[in-house]
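Worksheet for the structure shown next.
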Amino acid sequence: MDSPCRKKIGYACAYTPIALIHAAGFDPYRILPEGSSPYMGGGILHDNLCPHIKRVLDRAIARDLPPLAGMVFMNSCDSMRRLFDAWQRTRPDIPSILLELPVTAEAHSVAFFELELHQLSLKLSEWGGNSLAETKLQESMELYNILAENLANRRPQSLINRAMTVAPEDILVELKADLPESARPGGVPIYLFGNILSDSEAFQLFEDCGAKIVGDDLCTSSRSFQALPLSPDSSSIHSLAQGLLSRRPCARTMVPGHPEILAENLILDARATGAKGVIGHTVKFCDPYLARVPMIRERLKRAKIPFLFLEGDCTLGTIGQQRTRIEAFVEMLT
């Protein structure tokens, strides 16, 4: 049963410092691009803008959200920056803050991001939370590290979605029930990567097409919960800044001198999980990922790993339209 006593803080990016939000006395609530809210975001934002952003805005406009004490945005891309602007216009009743997110984990970037986290802690206190306490933040980071370990390689996706929207204490209790895996036995092993894919029915569709997802690198799945090391020689907030920026690179981050690391990690994961092929899925108009796809395709080709690329708009309908392509891809691998 969900904890009813703590207020919620909304967020929409996997880089959000949810441990800091929790340490301030709030429960982080990720606004997923789901539900049946009317399409209204397009009247405020450009048509050729990330559908993930517009679906989050749709839910905000339609009041399809629990009561939120505030909203934390990460300046991870231009579309997210535009969502912050639109949020202030459409939901001024829910205070918000935009944190700048560096693209590297170099020392100066970590120092800058640590200052951003301090600003967030002050804003959370202003919204009715607790002032930043070293012990509280350390406890919250340890709690989320335990959650990350428990969620590693777990299915179904509905469990991951729930973990992003309820208190970590509650989901850990549920995990003790040892929920069964949803994947049916058999199926062609596939590795899945991309950004936003949170609809549980989409994963069911992959299974219906004969695929078995053996691993993923998605913003709304494995990237949502990753253990962050706590350094005994640094403050917890420094460890949090360092840990978030040092996560495995995604399409919007950079590793100086190593431009192909995203593709190299995909190859390593595909081989480690025994995947016979890789499926990439991104939302339309996501420039960071679309810019990386040609390089990823070429590297996978050289590694002799079959690759299928799909685009969607955060609705099950667009995935359903790709059924024939998915089935053909899986059949090719058998």
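The values are calculated or read from the model by the stated rules, or taken from the named source; none is laboratory data. Source: prediction; values computed, not measured. Note that we place each Cβ from the backbone using ideal geometry, even for glycine, and neighbour counts take in every protein chain shown.
Observations
- Hey, Leu68 touching a Gly at 6+ places or on another chain (Cβ under 7 Å), crowded, with 19+ Cβ neighbours inside 10 Å and modelled with pLDDT of 95 or more or not: yes
- Set side by side, the residues Ile190, Ile196, Ile213, Ile171 differ, and just one is over 30 Å from Ala328 (Cβ atoms) and among the hydrophobic types (A, V, I, L, M, F, W, C), which is Ile171.
- Residue match in the range 186-204 (condition: surrounded by fewer than 20 Cβ atoms within 10 Å (Cβ to Cβ), in a loop (DSSP other than H, G, I, E, B) and either over 21 Å from the mean Cα position of the chain (by Cα) or among the β-branched types (Val, Ile, Thr) (or both)): yes
- Residues located in the range 302-325, provided they are surrounded by 13 or more Cβ atoms within 10 Å (Cβ to Cβ), without any contact (Cβ under 8 Å) to a residue 60 or more places away in the chain and of a type in the set (Lys, Arg): Arg325
- Failed item, numbered, when Val173 is tested on (1) touching a helix residue (DSSP H, G or I) at 6+ places or on another chain (Cβ under 9 Å); (2) over 19 Å from Thr220 (Cβ atoms): (1)
- Residues that are buried (at least 18 other Cβ atoms within 10 Å of the Cβ) and outside any strand (DSSP E or B), drawn from the range 85-104: Ala86, Trp87, Arg91, Ile94, Leu101, Pro102
- Filtering the range 191-201 to residues that are over 13 Å from Thr282 (Cα atoms) and out of contact with any Asp or Glu (no Cβ under 8 Å at 6 or more places or on another chain) leaves Ser200, Glu201.
- Residue in the range 25-39 that is of a type outside the set (S, T, N, Q), modelled with pLDDT of 95 or more, over 20 Å from Leu244 (Cβ atoms) and not in a loop (DSSP other than H, G, I, E, B) present: no
- Residues located in the range 11-34, provided they are charged (D, E, K, R) and either crowded, with 22+ Cβ neighbours inside 10 Å or over 14 Å from Met71 (Cα atoms) (or both): Asp27, Glu34
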